[in-house]
Amino acid sequence: MNPARISIAIATGNRHKVDEIQSILGPRVDCRSLGDFPMAPTPVENAETFAGNAGIKAICLSHWLVENLPWSERPSFVLADDSGLEVRTLAWAPGVHSARFAALDDGRVGNASDGENNAKLIRLLATVPANQRQARFRCVLAWTPVATVPTGADPATWLRAQTQHFEGRCEGRIAEKGSGARGFGYDPLFIPEGFGISFAELGEAVKNRISHRARALTQLHACVAFTGVCEDAGSLETLSAKTLRQ
């Protein structure tokens, strides 16, 4: 690995999400996805909070990487996120159920399509006036070192203690109909505060500056200092080396 870069594993197979994260974190970070680790297990995301589900994914992948890859092939950290849409008039639903929102209606296992989820949201808000369609996107990141668990320690408990969380929000409202061909998920329906067009109509540069994920990543960026200096651990290279030696 180029010593001027840090390698991280992102606990998602969603290419859109990986590209967005890579764009925000920049060239000093080598982002790898679950596509690079096809044998990694898929954990059950059964927490009732974004932080809980993000932690489950990060801890599961970190432990698997240590158990299954040689030291030289391991990323330094795992980054996982859980994010979703919260709509005020729906008591902040769909929340952690955002990806499987429509599937909840018929008991299907797994996620619904973007089209199905958007159609359900439009239907539920059909009679809601414009001044009551407030919503927000929330994202919580879990940042977990890829480190060997001390002898005798419970892996999940120990890695949970090493995990940091970062949260970002983007306030806005839900449009009456979708617009725009960019983005994914609920992007065509979500109009961020201060704009008159949807997330799916905004250019990547703007979205990567104001999105919930961008704001969470900005906090992460400041903490571990991808610019090269970390207040607690020194340079990126030092931070990476310290973690890999554990």
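If you filter the range 70-124 down to residues that are within 21 Å of the chain's Cα centre (by Cα) and among the hydroxyl-bearing types (Ser, Thr, Tyr), you find that the one that is nearest to Ala216 (Cα to Cα) is Ser83. Contact annotation: residue pairs with Cβ atoms under 7 Å, 6 or more positions apart or on different chains, pairing a residue in the range 145-171 that is free of Cβ contacts under 8 Å to residues at least 40 places away in the same chain with a partner that is surrounded by fewer than 17 Cβ atoms within 10 Å (Cβ to Cβ) and in a loop (DSSP other than H, G, I, E, B), are Trp158/Pro150; Glu171/Glu193.
Note on the range 176-198: residues that are in contact (Cβ under 8 Å) with a residue 40 or more places away in the chain and over 22 Å from the mean Cα position of the chain (by Cα) amount to 3. For the residues Asn111, Asn117, the requirement of being polar (S, T, N, Q), under 30 Å from Ser62 (Cβ atoms) and modelled with pLDDT of 95 or more singles out Asn117.
Of the helices (runs of 4 or more DSSP H) lying entirely inside the range 110-223, those carrying at least 1 residues that are in contact with a helix residue (DSSP H, G or I) (Cβ under 7 Å, 6 or more places away or on another chain), aliphatic (A, V, I, L, M) and surrounded by fewer than 18 Cβ atoms within 10 Å (Cβ to Cβ) are 114-124, 155-162. A search for C-beta distances below 7 Å between a residue of the range 109-126 that is β-branched (Val, Ile, Thr) and any residue that is surrounded by fewer than 16 Cβ atoms within 10 Å (Cβ to Cβ), counting only pairs 6+ apart in sequence or on different chains, returns Ile122/Lys177.
Residues in the range 7-60 that are of a type in the set (Val, Ile, Thr), over 15 Å from Leu220 (Cα atoms) and within 11 Å of the chain's Cα centre (by Cα): Thr12, Val18. Might you check whether a residue that is surrounded by fewer than 18 Cβ atoms within 10 Å (Cβ to Cβ) and under 25 Å from Gln162 (Cβ atoms) occurs anywhere in the range 72-95? Yes, that holds for at least one residue.
The values are calculated or read from the model by the stated rules, or taken from the named source; none is laboratory data. The shown structure was predicted, so the numbers you read here are calculated from the model rather than taken from an experiment. Here the Cβ is made from the backbone with ideal geometry for all residues, glycine too, and neighbour counts use every protein chain on show.
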